[in-house]
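See structure below.
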């Protein structure tokens with residue numbers, strides 16, 4: 001640990017099981033025990049963390065710690081990378097959400113255990129996907145999904161009462177619908193023109209609640225992993241494939257294409273919403289480029 005570091009703790013009290021404030025209190029105690037300077041801000045509305053990072057005084061904090069889920073982490077990263085200066089504090093991700101995809105990759109789902117690399121000053125780097133839509137720039141560290149990947153995100157919002165099972169329920173519902181969409185897709189200059197069930201670009205191995213969507217993905221390898229589910233699959237085959245996404249075996253299906261790439265462009269015949277780090281927003285068409293090691297963060 002570095003005694004002269006100035007830490008800002010951002011807590012989303014609404015994430016996941018709404019235990020953010022309790023987690024924050026435990027973190028404050030640990031920092032006091034280590035005689036480290038910690039300032040705490042509790043977010044008050046959706047988008048608050050993004051606004052904070054966009055406007056924060058770069059001279060004030062060397063490190064930004066975040067208690068929340070993937071949506072809160074996304075806000076912080078977007079607020080930081082959309083700044084006009086070169087301010088790049090080291091981030092500390094502390095699980096407080098439902099899915100916690102990034103923390104699954106780090107095998108660290110305990111908030112207090114997440115403090116160990118901070119106190120040990122163990123730093124790694126995180127690639128970030130840059131999403132371009134009609135000149136608008138957005139960033140994602142987890143997933144960018146189109147087709148059923150977005151439909152599942154929408155459906156999951158309606159069954160939040162189901163907790164960690166909501167993504168499974170949403171998946172089952174959309175398997176029944178089995179909606180197919182046409183798109184022109186360009187992956188590293190290779191073009192595809194056909195119908196798809198979904199296309200999912202992943203930077204992390206996990207998505208949802210423990211779904212091992214991209215088992216070959218690495219956080220800092222300079223590429224994102226694309227999972228394509230082709231239109232030929234039947235509902236029965238989809239039902240058989242669903243459990244395999246929790247083990248990563250789905251990528252061996254004849255109906256699944258698994259591609260590692262540095263760029264992706266998608267133009268469908270009908271523009272629809274996207275799933276960006278678990279949140280449904282913005283619309284096609286879009287382009288994705290990879291920003292290698294864009295963020296430094298604490299990890300064992």
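Since every read-out is calculated from the coordinates, none of them should be taken as a lab result. Small disclaimer: the values here were computed from a predicted structure and weren't measured.
One equal scatterer on each Cα of region 225-272, no solvent, Debye formula: the resulting log10 I(q)/I(0) at q = 0.23 Å⁻¹ is -0.93.
Length available on full extension from residue 235 to residue 190: 0.36 nm per residue minus the Cα-Cα distance, which gives 13.3 nm.
With N counted as the residues of region 6-121, its alpha-carbon radius of gyration over 2.2 N^0.38 Å works out to 0.98.
A straight line joining the Cα centroids of region 142-166 and region 116-131 runs 26 Å. Summarised as an ellipsoid, region 157-300 has semi-axes of 23, 21, 16 Å, derived from the eigenvalues of the Cα gyration tensor scaled by 5 and square-rooted, with the largest first.
A compact globular protein would have a Cα radius of gyration near 2.2 N^0.38 Å; the ratio found for the chain is 0.99. Dimensions of region 27-71 based on its C-alpha atoms, expressed as ranges along the principal axes with the largest first, amount to 32, 25, 17 Å.
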